[in-house]
Structures are given as structure tokens and as C-alpha cells.
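Only one structure is covered here, and it is reproduced in the block below.
Read-outs throughout are calculated quantities, based only on the coordinates presented, and are distinct from any laboratory measurement. Bear in mind that the values here come from a model prediction, so they are computed numbers and not experimental data. Cβ: placed from backbone, ideal geometry, glycine included. Neighbour counts: every protein chain shown.
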Amino acid sequence: MTTGVVKWFDPKKGYGFVDGAGQPDVFVHHTNFKSKGLRTLNQGDTISFEIVQGEKGPRADEVEAVK
């Protein structure tokens with residue numbers, strides 16, 4: 001698992017970007033949240049995730065909030 005900090009997340013659209021693991025922009029989508037209880041992210045939140053290669057670049061999978 002990789003940790004990163006949320007750059008921005010739009011709860012209405014359900015996606016945003018996170019900095020992490022030397023990747024400047026990792027796409028994060030609400031459908032890749034590991035916990036169904038996690039509904040949104042806030043700028044500055046620290047999250048853990050797996051990086052997978054998506055069609056348009058790296059994306060976060062298995063996203064969890066870090067306490």
C-alpha cells in the first residue's frame with residue numbers, strides 16, 4: 001500500500017487527485033474506495049491505496065482513509 005495526500009476531490013462528481021509514491025497526479029474515484037462507509041475525501045486528507053495503471057494514467061485502488 002502507498003500513502004498520499006488528497007490534492008482535491010469533487011464529491012458531486014465523485015473523483016479527484018492525490019499526490020503519492022512519486023506520482024504527481026494519481027486519479028481517485030469513489031468506486032475505488034475500499035470501505036463502503038467512505039463517501040468522500042477532503043483536500044489534505046491522508047489516504048492509503050494501491051496504484052494501478054488506468055487507461056489515462058495511474059489511478060488509486062483499494063482507497064482507505066488513514067487516521
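Once you put a point 7 Å from the Cα of S35 and another 7 Å from the Cα of M1, both along the Cβ direction, what distance in nm separates them?
Computed distance between label sites S35 and M1 equals 1.0 nm.
What are the radius of gyration and Dmax of the stretch 2-65, computed over its Cα atoms and given in Å?
10.1, 28
Which value, in debye to the nearest 20, describes the size of the charge dipole of the chain about its Cα centre when Lys and Arg Cβ atoms bear +1, Asp and Glu Cβ atoms bear -1, and nothing else is charged?
In total the dipole reaches around 280 debye.
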